[in-house]
Amino acid sequence: MYTFSQNERLKSRKIISRLFREGQAFVAYPLRVVWLPLSPEESAEAGFGALPAQLAVSVPRRAFKTAVARNRLKRRIREAYRLHKHLFYDMLTASDRRIALMLVFLDKEEAAYPAIEAGVLKMIRKFPTPA
RNA sequence: ACUGCAAAUCGCUCUGCCGCCUUUGCCCCGAGUAGUCGGGGUGGGGAGGAAAGUCCGGACAACACAGAGCACCGCACCACCUAACCGGUGGGUCCUGCCGCCUGCCCGGGCAACCGGGCGGUGCAGGAACAGACAGGGUCACAGAAAACAACCGCCCCGAACACUCGGGGUAAGGGUGAAAAUGUGCGGUAAGAGCGCACAGCACGCCGGCGCAAGCCGGUGCGCGGAUAAACCUUGCGGGUUGAAAUGCCAUGUACACCUUGCGCUCCGCCCCGGCGGAGGGCGUGUUGCUCGCACGCCGCGUCGCUGUCCUGAUCCCGAGUACCCGGGAGGGACGCGCCAGCAAGGGGGGUAGGCAGCGCAGAGUUCCGCUGUGAAGCGGGACCCAGAUAAAUGGCAGAGGCUUCCCCGCUCUUCACGGGGUUGGGGAGCGACAGAAUCCGGCUUACAGAUUUGCAGUUAUU
RNA sequence: GGUCCCGUAGUUCAAUGGAUAGAAUGGAGGUUUCCGGAACCUCAGAUACAGGUUCGAUCCCUGUCGGGACUA
């Protein structure tokens, strides 16, 4: 189902701060991907339910001064994730992992939807499989 | 028609699919005796003119508060509008610009008609932090004799000298400096001069009359005429308690016990083997973040009259301290409350999140249409409408159509010998553009802004 | 969301409303030296922006723009 409901969003302040402190990262241009594997107990606490991942999105104010531009980019990133997340979910459930994920927009220029969609697909392709 | 300026309005529309936030209108499912709660579906609603800057003013909330003065901050022509304002509307005064007008005045040129310049009035447009500089002191660089109660040169008088000149005094008309130099022009007057006097003009103040709510204006009259700076100190008048939704209230943050099990005990009902077994523990509603229990409150019903507790007591009394009020204590009085399984023991148990709910969109200084009143801001009356409420923060993505704008190509057409230029009712391609995202809510102000429309003014060109 | 503060040479700081905005350091050129350093001489370089008050503004006032601090 192509949805993006409240419990698919990463909203726990505690996990977000851990994510930036302990998480691993790689770049899928134009996005920087920060992620952290979670235990079943932690994910239940954060309200994952049966979901294998929660997502947060960020666009730095330093690169985009107006709120309109930042909101537009965040919407496009969420939309691309919404339409392609089933690939990501299949991969995670296959290896039985739970992931906290944050996507940070890197470019200084505002990107159109196709470029962001390509970045999200690249993120899913490049996402490391467990050793 | 085009260009510029000013004001006002708008700031792409529709369809399909997928998705997001919200909503108890409707339907379905689940839990419960029920109130109700949870989930799903469907329907409804879903950013702006500035949502921005946070520059003013309020609503609202908490805390504080006898009164007065000082200090501090803000405002400053007048009236009105408004919940209020440093906002708006109308009016006044001053300044600037413009061209037009004037039977106004002055100067220059000309035989004259008239022409040029200046001042004044009037009209139009724009602007003004527009209280006070006779309340007080302060400051005014450089230049200049002098920057505030001014004699450098000059002019005049007197004395000395009599070749030049020197001393005393008068004088603000002329000179030059400067941002600014002691009302302007003319006549009289004088030794020379001077508002010293007069006429006209300008400014300030007082009085009288008229108009106006007022600011102020007009006319008359009297008296006077030595800068600037208050967006430097200051004076006068008026206003201001402080802090702000991260305000504020509630729930949760558990050695207290919700809850579960066992045993004892209370009341009532039923059954029988008379000692046990089973069942029940008033009803409805609201609140307690949600759920179950429980608890609290209200009403009704039953029961009850004694007790401790809480609160109130300005117009009752006594006491303490004090000048007195406020204040503290007691007596007396009044109101409320207290019951309807209260309780004991042992064991078990220790949910999740880390915030949540209200404030917060709640019919409101609400939106919109019509009418009336008013020059206008606005007010009044009537009709219709209910219109965003997120919280790592909701409006997006894809596809198509319409419409608009600019550009390009082709076609058609007008003109030209041609090059070229103009038009478009056609077809195709590109673009949809600016400023910008609600965060408690309103009224303003300021700033940003592609493009479109309307109105007014000015200019240019063409036609009549 | 709210409250407050600050913008001067490339950098760090000065400057009663009054001449061409001053100094240190850095930069460029020159003198000196075999070369470099040091020293000496010379030069360039700034009031965030836009209005206003004033004869005159870095300074006073207003509005923008930018930066920063505090507040759970």
Item to complete: Report ³J(HN,Hα) in whole Hz for each residue of the stretch A:77-93, in order, from the Karplus equation J = 6.51 cos²θ - 1.76 cosθ + 1.60 where θ = phi - 60°; Gly and Pro get x.
Response: 5, 4, 4, 5, 5, 4, 7, 10, 5, 4, 4, 5, 4, 4, 4, 5, 5
Fill in: Lys, Arg +1 and Asp, Glu -1 on Cβ, resulting dipole of the stretch A:46-131 about Cα centre, debye, nearest 20
360 debye
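Around A:K65, what is the net charge, scoring Lys/Arg as +1 and Asp/Glu as -1 over all other residues with Cβ under 14 Å from its Cβ?
On the way: positive: A:R61, A:R62, A:R70, A:R72, A:K108; negative: A:E109, A:E110.
Every neighbour counted, the sum reads +3.
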Worksheet, complete the sentence: Interchain or sequence-distant (5+) residues whose placed amide H lies within less than 5 Å of the amide H of A:R98 are A:L38
Response to the item:
To the nearest 0.05, the calculated FRET efficiency linking A:R82 and A:K108 through their beta-carbon distance, R0 being 22 Å, is 0.30
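At R0 = 30 Å, how high is the FRET efficiency between A:T66 and A:T3 if r is their beta carbon distance? Nearest 0.05 is fine. Before the final figure, lay out the partial values.
Working: r = 29 Å, r/R0 = 0.97.
Efficiency computed from Cβ-Cβ geometry: 0.55.
Summing Lys, Arg as +1 and Asp, Glu as -1, what charge do residues with Cβ under 12 Å from the Cβ of A:Y81 carry, A:Y81 excluded?
Numbers: positive: A:R9, A:K74, A:R75, A:R76, A:R78, A:R82, A:K85; negative: A:E8, A:E79, A:E117.
Charge balance near A:Y81 sits at +4.
Any read-out appearing in this document is the output of simple, stated calculations on the displayed coordinates, not a laboratory observation. Because the structure is predicted, anything quoted here is derived from the model rather than measured. Note that each Cβ is placed from the backbone with ideal geometry, even for glycine, and that neighbours are counted across all protein chains shown.
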